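Participant: Here it is, the structure in full.
Here, each number is a calculation from the coordinates, and none is a lab measurement. Just so it is clear, the model here is predicted, and its values are computed rather than measured. All Cβ positions, glycine included, derive from the backbone under ideal geometry; neighbour counts span all protein chains shown.
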Amino acid sequence: MPRPSVREKRLLYVFFVLLTVCLAVVFLVLWGGRMRETEENIYLLEGNIKSLLSLKTNEAELRDYHSSLSSYYESETKKFYSSSETNLTNLSLKIMDMISKNGLAYTRFQKNETGDPHYIEFAITGSATGLVSLLSDINRQSKYINIMSMTVSSRQNMLSVIMRLNYVSI
């Protein structure tokens, strides 16, 4: 095999230098893209870490919050009737007492225990102030009473009201 001439050696040298430069450029482009992607991931992860650290709360604060929620739940559940307390007769007697106490009169009373939900219905007559007082008394009860429907009509300075009520139970 003949020995390469000086000119051929120079061409080979230039060829290998250009090949090395091209490979270096390709490597840098690929590696640079990967570096940019890695930097973006690092930035996102650092943001996630900061947000998670900001959510970190003190264990004592969580215990206090849990106990306050528990006491609130206990106080609210006491305002509902249990299934053993939902006697419509007792509710109707309580409402009749409130009606007479507020200067109103009931002209009709009906207890409906056939459908669901069970309810009592009153037809009441009286003044507007008496009706407002009755509604206020119902609202001030220690346990919730549901006014399912209420129809009000006015005749000769008197209100005529038809009201359906039942227990609020859990």
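Participant: Which distance in Å, rounded to a whole number, links the C-alpha centroids of the stretch 75-89 and the stretch 138-159?
Facilitator: Each part's Cα centre sits 20 Å from the other's.
Participant: Given the options T20, L165, A123, identify the residue whose Cα lies farthest towards the positive end of the charge dipole of the chain (+1 on Cβ of Lys, Arg; -1 on Cβ of Asp, Glu).
Facilitator: Going by the Cα projections, it comes out as T20.
Participant: Gaussian network model of the chain, Cα springs within a sub-10 Å range: biggest mean-square fluctuation belongs to which of L19, L91, L69?
Facilitator: Highest fluctuation of the listed residues: L19.
Participant: Counting alpha carbon pairs within less than 8 Å and at least 6 residues apart, what relative contact order, in whole percent, applies to the stretch 83-167?
Facilitator: Computed over the stretch 83-167, the figure is 29 percent.
Participant: With a 10 Å cut-off between alpha carbons and a GNM built on the chain, which of A60, A105, A24 moves the most?
Facilitator: Maximum among the listed residues: A24.
Participant: Charges only on Cβ, +1 for Lys and Arg, -1 for Asp and Glu: so what's the dipole of the chain about the Cα centre, in debye to the nearest 20?
Facilitator: 680
Participant: A further question on this structure: Here are some values of P(r) over Cα pairs in 10 Å bins from 0, in percent: [x] 9, 28, 24, 15, 11, 6, 4, 2, 1, 1, 0; [y] 10, 36, 32, 13, 6, 3, 1; [z] 8, 20, 13, 9, 8, 8, 7, 6, 6, 5, 5, 4, 2, 0. Which one was computed from this structure?
Facilitator: Comparing each candidate, only [z] matches the computed number.
Participant: Follow-up question, since we're still on this one. Using only DSSP helix segments of four residues or longer, with each worth -39500 (n - 2.57), what per-residue ellipticity at 222 nm results for the chain after dividing by its residue count and rounding to 500?
Facilitator: So the calculated ellipticity at 222 nm is -19500 deg cm²/dmol.
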